[in-house]
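Trainee: Attaching a single structure in C-alpha cells format; questions to follow.
Throughout, read-outs are computed from the coordinates displayed, never taken from laboratory work. Just so we're clear, the structure is a prediction, and the values are computed from it rather than from any experiment. FYI the Cβ positions are ideal-geometry reconstructions off the backbone, even for glycines, and counts take in every protein chain you see.
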C-alpha cells in the first residue's frame, strides 16, 4: 500500500497538445496504451464511496489496483493505493484480496466494463506528468495528471505549462465512466 498525491485537471485537446509541446522540450515522452477493467457491485458501492477497483492492463501485464480513502484539499488529491500483479483477468473479485481494514464483510465485485487510455508520461524532477486521452462508452475526454511528493514542484509545473485554470477532478476516470454507464442504461430502459 502506498499514498498517491496528485493534481488532475480536465483539459481540451488544444490544451493537451500545448502541454505536450512544452513537456517534449523538458523530458523524453513515454507513450503507452492502458486498459482499466473496472469492478463494482450492481449498485456501484465502490463508486458511491469514492473508491476504485480495477485491473490495469498494459500490454500483457495485469495489475489489480484498489484506490480508497480519497481526500481532496484544494486541487490536491491524496488516496491510499493497493496494488498486486495478477496472472489473468477474472470475472469477479472478492473483497477478501483487498486490504483488510477496507471492508467489514465479504463483498464480490463483478466486471463492469473498461476504459482505454492513450497515456504519455514525462518524468521531470520529482514529478510524473501524464497526458491522457481516454475512450469509454462512445466518449472521449482528456486529462492531465501531475503526481508529486513535493507540492511546490507541482505548482511550478502548473505555472510552466500555463495551466491558469485547473479544473479539479474530483470526478476521476472511474466516476466519469460510471456516470456515462448509467446514462447509457437509462436510455435503454
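Trainee: So how do 31-38, 173-180 stack up, highest first, on mean other-Cβ count within 10 Å? If you can, show how the numbers build up before the last one.
Mentor: Values: 31-38: 16.0, 173-180: 19.4.
Listed from highest to lowest mean packing, they are 173-180, 31-38.
Trainee: According to the square roots a ≥ b ≥ c of the eigenvalues of the Cα gyration tensor, what is the shape class of the stretch 75-155, taking rounded for a/c under 1.5, prolate for a/b larger than b/c otherwise, and oblate for the remainder?
Mentor: Values: a/c = 2.41, a/b = 1.43, b/c = 1.68.
Oblate.
Trainee: Now for a different question. At what distance in nm do the modelled label points of residue 3 and residue 71 sit from each other, each positioned 7 Å from its Cα along Cα→Cβ?
Mentor: 0.7
Trainee: Cβ neighbours within 10 Å, averaged per peptide: list 89-97, 15-23 in order, most packed at the top. Mind dumping the intermediate values first?
Mentor: Details: 89-97: 13.4, 15-23: 16.3.
Taking the mean over residues of other Cβ atoms within 10 Å, the ranking is 15-23, 89-97.
Trainee: Just from its helices, what would the mean residue ellipticity at 222 nm be for the chain, if runs of 4 or more DSSP H residues each count -39500 (n - 2.57) and the sum is divided by every residue, rounded to the nearest 500 deg cm²/dmol?
Mentor: Value at 222 nm, helices only: -7000 deg cm²/dmol.
Trainee: Same structure again: Output the relative contact order of the chain, whole-number percent, from Cα pairs under 8 angstrom with separation of 6+ residues. Working shown, then result.
Mentor: Numbers: 348 pairs, mean separation 53.5, N = 189.
28 percent.
Trainee: Could I get the Rg over Rh figure for the chain? Both from C-alpha atoms, Rh via Kirkwood, rounded to two places.
Mentor: Working: Rg = 16.8 Å, Rh = 17.5 Å.
We get a ratio of 0.96 for the chain.
Trainee: Zone of residue 12 (label point 7 Å along Cα→Cβ, backbone N under 14 Å): which residues in the stretch 134-158?
Mentor: 142
Trainee: While we're here: Cα centroid distance between the stretch 109-149 and the stretch 15-68, in Å?
Mentor: The distance from the Cα centre of the stretch 109-149 to that of the stretch 15-68 comes to 5 Å.
Trainee: Could you check the simple spin-label distance between residue 159 and residue 48, using points 7 Å along Cα→Cβ, in nm with one decimal?
Mentor: It works out to 4.5 nm between the two label points.
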